[in-house]
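Below is one structure; the comments refer to it alone.
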Amino acid sequence: MKKPIFISLILVFFLAEIMLGINKYIGVLIYALVLGLILIDLEEDDFLIQSDKLLIFMMILPIARISEMFVSFNFYWKTIIFYFVIYFLVLFYMRRFKINPGYTKSKLWFIPLSIIIGIYFGYIGNHYFGFEKHPEILFLLPFIVFSEELLFRGMMQDYAKKEYGPNTAIICTSLLFAIFS
């Protein structure tokens, strides 16, 4: 995948997110078209190269966003579904492509500590920014942060860095993260 195509995909994601705010059906249609085009592009290859894997990782976000549109739950449950889909697909592709996220058994002690720190910062954020409408989000923060970290920095940024260099990878994955946060 060429760098202009990668950047164009990010711009299309931005457009789709704007359209989701204006008219969710047009936003979902844009995402569906992007997924279709990516699948058509991937279908032509006999084996996957680095840029093809990056395309697959970029498909995770539209898939999660489209799945979120087909449920009629409240905000809390839609958030759980959105991040569960991301988490499931990230774990699936990490296992499928044998991606090492950098975690080892000796570092597992950090997971409970990071959950406690995440809840603490969530509480502080609630105090300053106010989550009065959805205080239950505080308990989802560790799950949300972990799944986003694995997707954006662990998978997308790593493969984008291999394909386009560190500067482009950091800027583009930061833009994607900003679009979906």
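Per-structure values
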{"read-out": "Residue 12 paired with residue 95, simple spin-label distance in nm, labels 7 Å along Cα-to-beta-carbon", "value": "3.0 nm"}
{"read-out": "Pairwise label distance in nanometres, residue 24 with residue 117, each label 7 Å out on the Cα-Cβ vector", "value": "3.6 nm"}
{"read-out": "Kyte-Doolittle mean at least -0.5, axial Cα span of 20 Å or more - DSSP H helices of the chain", "value": "3-22, 24-43, 50-69, 75-96, 110-129, 166-180"}
{"read-out": "Read-out semi-axes √(5λ) of the Cα gyration tensor in Å, derived from the coordinates shown; its label in (i) 23, 22, 14; (ii) 31, 21, 12; (iii) 27, 22, 15", "value": "(iii)"}
{"read-out": "Carbon and sulfur %, accessible surface of the chain computed with the full protein complex present, 1.4 Å", "value": "69 percent"}
{"read-out": "1.4 Å probe accessible area per residue over the chain, in Å²", "value": "62 Å²"}
{"read-out": "Distance between region 32-52 and region 54-103 - C-alpha centres, whole angstrom", "value": "18 Å"}
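The values are calculated or read from the model by the stated rules, or taken from the named source; none is laboratory data. Just so it is clear, the structure is predicted and the values come from calculations on it, not from any experiment. Counting neighbours? That spans all protein chains shown, and the Cβs are built from the backbone with ideal geometry, glycine included. With ligands, DNA and RNA removed, areas are computed over all heavy atoms of the protein, side chains included. Shrake-Rupley method; radii C 1.70, N 1.55, O 1.52, S 1.80 Å.
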